[in-house]
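**Q** Okay, handing you the structure first.
The values are calculated or read from the model by the stated rules, or taken from the named source; none is laboratory data. Source: prediction; values computed, not measured. The accessibility values were calculated without ligands, DNA or RNA, using every heavy atom of the protein model including side chains. Shrake-Rupley method; radii C 1.70, N 1.55, O 1.52, S 1.80 Å.
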Amino acid sequence: MRKFGPLLPIVALCLSGCVAKTAWDVATLPVKATGKVIDWTTTSQEESDRNYGRKMRKQEAEEGRARKEAAKECRKHPENKDACEYRGYRAGYNG
């Protein structure tokens, strides 16, 4: 035991650092986990832009189909001026 006496303070310092780091990791774990959950549940600007672009392309395709149908009706009944004026769906228009 006398041989290890001078080494005891050094070993204690090394272990205390390890224990302190473990205690720090345990203490910060809930904060890190909460941050990760928030990242998973919120929408980034890039994701929001991508979703908006997808929505607008879908709306524009719907408008294209509606205009094509209106043009078809106009060709069938050219004497009806109301049928030849498109009043249907317009992408991005909420009015």
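**Q** What is the extension gain from residue 27 to residue 75, computed as 0.36 nm multiplied by their sequence separation minus the C-alpha to C-alpha distance, in nm to one decimal?
**A** Gain on stretching residue 27 to residue 75: 9.9 nm.
**Q** A further question follows. Just reorder 40, 24 by solvent-accessible area, largest first, 1.4 Å probe, all chains present.
**A** In descending accessible area the options line up as 40, 24.
**Q** Next question, about the same structure. Ranked from the most accessible area to the least, with a 1.4 Å probe and all protein chains present, what is the order of 37, 26?
**A** Solvent-accessible surface, decreasing: 26, 37.
**Q** For residue 61 and residue 44, compute 0.36 nm times the residue count separating them, minus their Cα-Cα distance, and round to one decimal in nm.
**A** 3.5 nm
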